[in-house]
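Engineer: Encoded as structure tokens, here's the structure I'll be asking about.
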Amino acid sequence: LLVDVHVDSSRMMESLLSNHQRDLLDMIFLGNTGNRPKVNVIIADRVVPKQAAERYLDKDAFENEIRQVIGDTYEAHDLGENDVVITGSHGIMLVGPHSKMQEGVMLAFLSLRSRDVFVQNVFNRLFIIDDVLKTTRTSIATYEQDPNSVPKIRAVLSETSKDIILLEEVLLYLHESLEQDTSIYAEPVDEAGYKLYQVL
């Protein structure tokens, strides 16, 4: 089911993006935008069996089931008698009768976590560009051995400079989005919400 949600959400976003936004994503994800990493946020009224948070991280059956949904598990916390939150490498799971009341906190978490995942991909792209430039530097130093390499070097430098300009633009957009998103600073007033806010 989650795989279908991932595919459908990518298709839905594709129809909302401008051509320039698609170009930015294609540059970051090397043309594999449809399979970019997603962050899962699972909110449920109950989980079977109901137990203390730390018992779900049993390094056995319970934890393996949870890993299929939110990746490698990091932490599990009780937010009261009935609510439990479990964080993982690819998302978060909040379970309990009061879980839907914490939608604002979960949305703020999703907003920050998705930016974090995106920034990791931006850095990966920077490392790739660094490798390309190192290889190109070597080609420039030895171009006399292969004079036919000059047009290739020029093409690589032209493409890389375009990518660097797009990366600078992406970083500006990220900075703007953090400045304009005030929801990530709003602290909840209820006890369970505040505890969830502190945990995340």
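Engineer: I want to verify a result. In a Gaussian network model of the chain, Cα cutoff 10 Å, which of these has the top mean-square fluctuation: Asp72, Asp131, Asp23?
Structural biologist: Most flexible of the set in this elastic network: Asp131.
Engineer: May I ask for the angle, rounded to the nearest 10°, between helix 61-70 and the longest principal axis of the chain, with both axes built from Cα atoms and the value confined to 0 to 90°?
Structural biologist: Between helix and principal axis, roughly 50 degrees.
Engineer: If you take the charge dipole of the chain about its Cα centre, with +1 on Lys and Arg Cβ and -1 on Asp and Glu Cβ, which of Phe29, His175, Ala186 is farthest toward its positive end?
Structural biologist: With unit charges placed on the Cβ atoms, the residue in question is Phe29.
Engineer: In whole Hz and in residue order, list the ³J(HN,Hα) couplings for the range 187-198 that follow from phi through the Karplus curve 6.51 cos²θ - 1.76 cosθ + 1.60, θ = phi - 60°; x for Gly and Pro.
Structural biologist: 8, x, 9, 7, 5, 5, x, 5, 5, 4, 4, 5
Engineer: Counting Lys and Arg as +1 and Asp and Glu as -1, what is the net charge of the other residues whose Cβ lies under 13 Å from the Cβ of His20? All intermediate terms of the calculation are to be shown ahead of the outcome.
Structural biologist: Numbers: positive: Arg22, Lys162; negative: Asp23, Asp26, Glu169.
Overall, the nearby charge balance is -1.
Engineer: Then there is this: Under 10 Å, Cα contacts only: if you run a Gaussian network model on the chain, which one of Asn148, Asn121, Asn32 comes out with the highest mean-square fluctuation?
Structural biologist: Asn148
Engineer: Right, next: Where does the charge balance sit around Val117 when Lys and Arg score +1, Asp and Glu -1, over other residues with C-beta under 15 Å from its C-beta? Write out the running numbers ahead of the final one.
Structural biologist: Numbers: positive: Arg36, Lys38, Arg113, Arg115, Arg125; negative: Asp72, Asp116.
Local charge sum for Val117: +3.
Engineer: Next question, about the same structure. Give the residue from Ser9, Gly80, Ser99 lying farthest towards the positive end of the charge dipole for the range 1-110; charges sit on Cβ (+1 for Lys and Arg, -1 for Asp and Glu) and the dipole is referred to the Cα centre.
Structural biologist: Positive-most Cα among the choices belongs to Ser9.
Engineer: Taking 0.36 nm per intervening residue step and subtracting the Cα-Cα distance, what contour gain separates Asp23 from Arg46 on full extension?
Structural biologist: Numbers: separation 23, 0.36 × 23 = 8.28 nm, distance 4.15 nm.
The span from Asp23 to Arg46 would gain 4.1 nm if fully extended.
Engineer: Hey, another quick one. Return the inverse of the average 1/r over all pairs of distinct C-alpha atoms in the chain, which is the Kirkwood hydrodynamic radius, in Å to one decimal.
Structural biologist: Working: mean 1/r = 0.0504 Å⁻¹.
So the Kirkwood estimate lands at 19.8 Å.
Engineer: Quick check: at a probe of 1.4 Å, how many percent of the accessible area of the chain sits on carbon and sulfur atoms? Could you put the intermediate results ahead of the total?
Structural biologist: Details: 7280 of 12930 Å².
Looking at the chain in its full context, I get 56 percent from C and S.
Engineer: From the residues Asn121, Ser111, Thr142, which one has its Cα farthest along the dipole of the chain in the positive direction, the dipole being from +1 and -1 charges on Cβ of Lys/Arg and Asp/Glu about the Cα centre?
Structural biologist: Projecting each Cα onto the dipole axis, the largest value belongs to Thr142.
Engineer: Which residue fluctuates the most in the chain, going by a Gaussian network model with Cα springs under 10 Å, if the choices are Ser183, Ser161, Ser15?
Structural biologist: Ser15
Engineer: Another one. Give the share of C-alpha pairs in each 10 angstrom bin for the range 21-91, from 0 to the last occupied bin, in whole percents, shortest bins first.
Structural biologist: Final binned percentages: 18, 41, 20, 15, 6.
Engineer: Next question. For the modelled label position 7 Å from the Cα of His6 along Cα-to-Cβ, which residues of the range 15-40 have backbone nitrogen atoms closer than 17 Å?
Structural biologist: Of the residues in the range 15-40, 29-40 have backbone N under 17 Å from the label point off His6.
Engineer: Looking at the range 52-91, which GluC sites (Glu not before Pro) are DSSP coil and have at most 11 other C-beta atoms within 10 Å of their C-beta? Can you show the working numbers first?
Structural biologist: Working: sites: Glu54, Glu63, Glu65, Glu75, Glu81; in loops: Glu81.
Those satisfying the criteria are Glu81.
Engineer: Could I ask something else about it? For the chain, what does the relative contact order come out to in percent, with C-alpha contacts under 8 Å and a separation of six or more? It would help to have the intermediate numbers written out before the result.
Structural biologist: Numbers: 183 pairs, mean separation 39.8, N = 200.
About 20 percent, as a whole number.
Engineer: Taking a temperature of 20 °C and a viscosity of 1.002 mPa s, what whole-number D in µm²/s does Stokes-Einstein yield for the range 97-175 with Rh from Kirkwood over alpha carbon pairs?
Structural biologist: Here the translational diffusion coefficient equals 137 µm²/s.
Engineer: Once the other residues with Cβ under 12 Å from the Cβ of Asn64 are scored (Lys, Arg +1; Asp, Glu -1), what is the net sum?
Structural biologist: Values: positive: Lys59, Arg67; negative: Asp58, Asp60, Glu63, Glu65, Asp72.
Combined, the nearby Lys, Arg, Asp and Glu give -3.
The values are calculated or read from the model by the stated rules, or taken from the named source; none is laboratory data. Keep in mind that what you see is a predicted model, and the values were worked out from it rather than measured. Because the Cβ atoms are built from the backbone with ideal geometry, glycine has one as well, and the counts that use them run over all protein chains shown. To get the accessible areas, we keep the full protein, side chains included, count just its heavy atoms, and leave off ligands, DNA and RNA. Shrake-Rupley method; radii C 1.70, N 1.55, O 1.52, S 1.80 Å.
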